[in-house]
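Visitor: Following this message is one structure expressed as structure tokens.
Taken together, the values in this text are just the output of simple stated rules run on the coordinates, not laboratory data. None of the values given here were measured: they were computed from a predicted structure. Note: ideal-geometry Cβ built from the backbone for every residue, glycine included; neighbour counts use all protein chains shown.
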Amino acid sequence: QVQLVESGGGLVQPGGSLRLSCAASGSIFSLSAMGWYRQAPGKQRDLVATIIRGNITNYADSVKGRFTISRDNAKNMVYLQMNSLKPEDTAVYYCKLVTPSKVYWGQGTQVTVSS
């Protein structure tokens, strides 16, 4: 069974930075695609960034140039470095792990961008 635990969320002023972390249990981490998604109140859960084997990354247009996804397979960790944060980035951020047979989600971490 895979478990994902996010951390690093919080309150930050516009223009600030945060680094989210996702710790994954299990031995399949290095074989899995990972992603960060976010869900604002009253809205659907949207893709933020993904990273697959070979460290190939993909970003939502709204975060390109500001956010960076990375992974450390030795530590079973995936990160999301968020810079130049905007109020519209406010949401609960979720970590996602995709295997050939199953999808796993973390419990989410709140990010609030406000002055």
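Visitor: Anyone know which of Leu47, Leu31, Leu85 comes out most mobile in the 10 Å Cα GNM of the chain?
Guide: With Cα springs under 10 Å in the chain, the top fluctuation among Leu47, Leu31, Leu85 is at Leu31.
Visitor: Something else about it: Ala33's amide H: which non-local residues (gap 5+, or another chain) put their own amide H closer than 5 Å, with H modeled 1.01 Å from N in plane and none for Pro or chain starts?
Guide: Val98
Visitor: While we're looking at this one, here's another question. Once the convex hull of the C-alpha atoms of the stretch 1-102 is built, how many Å³ does it hold per residue, rounded to a whole number?
Guide: Numbers: hull volume 10.4 nm³, N = 102.
Output value, Cα hull per residue: 102 Å³.
Visitor: Using a simple spin-label model with points 7 Å from Cα along the Cα→Cβ vector, what separation in nm is obtained for Thr68 and Leu47?
Guide: Simple spin-label model gives 2.2 nm for this pair.
Visitor: Which of Gly42, Gly16, Gly26 ends up with the largest GNM mean-square fluctuation for the chain, with Cα atoms connected below 10 Å?
Guide: Comparing Gly42, Gly16, Gly26 in the GNM, the peak value goes to Gly42.
Visitor: Identify all lysines with a Cα-Cα distance to Lys86 below 21 Å; exclude those on the same chain that are fewer than 8 residues away in sequence.
Guide: The reachable lysines, counting only those whose Cα sits under 21 Å from Lys86, are Lys43, Lys64.
Visitor: Describe numerically, in nm with one decimal, the distance between label points set 7 Å from Cα along Cα→Cβ at Trp105 and at Ala40.
Guide: If labels sit at Trp105 and Ala40, their model points lie 1.9 nm apart.
Visitor: According to a simple spin-label model (label point 7 Å from Cα along Cα-to-Cβ), what is the distance in nm between Val5 and Ser84?
Guide: 3.4
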